[in-house]
Amino acid sequence: RLIVNVGWVFVVLFDRGCMNYMFPASYAWGNFSVLAVGIWAIVQRDSLDAIMMFLTGLLLTVLTDIIHISVFYPPNNYLTDEKRFSAGMAIFSLLLKPVSCYLVYRMYRERGGE
């Protein structure tokens, strides 16, 4: 139940991070792919593969989000309010991903993972 709530927070923050087209399409595709695997992991309650793929995807998007934010963050003279808000939501989403990883790892352990 807690993982579903964290999932919705992830969706809302990620959506707000993508709303200004500040980041390339790979940012959106990577995070939406992980979101799709996360939905699969929630629906398939007995699948260790689904939850492991979700955890791996989350860890991978932490790395790619850091790269996207650091490379594509606009200079100060091109930073509008919308871009600042979009970047803030992307950073906030990135900061919450380790919490999501911990909760998904706990779910993996509950399902019988090593």
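Rundown of residues vs (1) among the acidic types (Asp, Glu); (2) modelled with pLDDT under 85, yes/no style:
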position	(1), (2)
10	no, yes
54	no, no
68	no, no
91	no, no
114	yes, yes
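Looking only at residues that are in a helix (DSSP H, G or I) and polar (S, T, N, Q) in the range 73-95, which one is surrounded by the most Cβ atoms within 10 Å (Cβ to Cβ)? Spell out how you get there, then give the answer.
From the range 73-95, those in a helix (DSSP H, G or I) are 76-78, 81-95; that's our starting set.
Add one more test, that the residue is polar (S, T, N, Q), and what stays is 76-77, 86, 93.
Values: 76: 6, 77: 5, 86: 20, 93: 24.
It comes out as 93.
Within the range 17-32, none of the residues are surrounded by 14 or more Cβ atoms within 10 Å (Cβ to Cβ), within 21 Å of residue 108 (Cβ to Cβ), modelled with pLDDT under 80 and not assigned by the TED database to the domain that holds residue 109.
Applying the criterion of being open to solvent by 80 Å² or more (accessible area, probe 1.4 Å) and in contact (Cβ under 8 Å) with a residue 24 or more places away in the chain to the residues of the range 53-72, the residue that is farthest from residue 107 (Cα to Cα) is 72.
The values are calculated or read from the model by the stated rules, or taken from the named source; none is laboratory data. Nothing here was measured: the structure is a model prediction, and the numbers come from that model. Every residue, glycine among them, receives a Cβ derived from its backbone with ideal geometry; neighbour counts consider all protein chains shown. Side chains are part of the model used for accessible areas, which takes the heavy atoms of the whole protein and leaves out ligands, DNA and RNA. Shrake-Rupley method; radii C 1.70, N 1.55, O 1.52, S 1.80 Å.
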